[in-house]
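Reviewing the structure listed below.
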Amino acid sequence: MLKEDCTSELRVHLARSLPLPSSVDRPRIDLIVFVVNLHSKYSLRNVEESLHHVDATFFLGKAAFLATGAGRESHCSVHRNTIVKLAHTYRSPLFFCDLEALIPWCQALEQSHPPYVTPPHSASGPLPSKAGTLC
């Protein structure tokens, strides 16, 4: 097997919306993740407005959607189907996650370091395990 050492660097830039301010020394953008909080219609509107600032060719493997708050569907202001249709329109992957459920799970993981980890559960039971979900 051929083994080659290569250096790589991961840079994460967080932005509330697009377009990004002009900067000569900004690194190349390889991936955009649009985060939609399912508990906020403002979050969806902000993502929809930001999408207009991204070239259509960028959606060919360089963009994804992450819907947070998926574990508490009763508190959602944005229906899941809305996000599914949005991701389908832009032919981009969609991941559902409940960050509130992950926080205690990650804290417990840090303390115990088990040999394997079971998925987190929300207060209403197991998180959805449909294909394409993160949690």
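Compared with the rule-of-thumb size 2.2 N^0.38 Å for a compact globular protein, the stretch 1-103 has a Cα radius of gyration ratio of 1.25.
Per-peptide packing, taken as the mean over residues of other Cβ atoms within 10 Å, places 40-49, 65-74, 5-14, 26-35 in the sequence 65-74, 40-49, 26-35, 5-14 from highest down.
Label separation (residue 25 vs residue 45): 3.7 nm, computed from points 7 Å beyond Cα along the C-beta direction.
Readers should treat all values here as calculations from the given coordinates under stated rules, not as data from a laboratory. Values in this document were obtained by computation on a predicted structure and should not be read as measured data. Quick reminder, even Gly has a Cβ in these numbers, built from the backbone with ideal geometry, and neighbours come from all protein chains shown.
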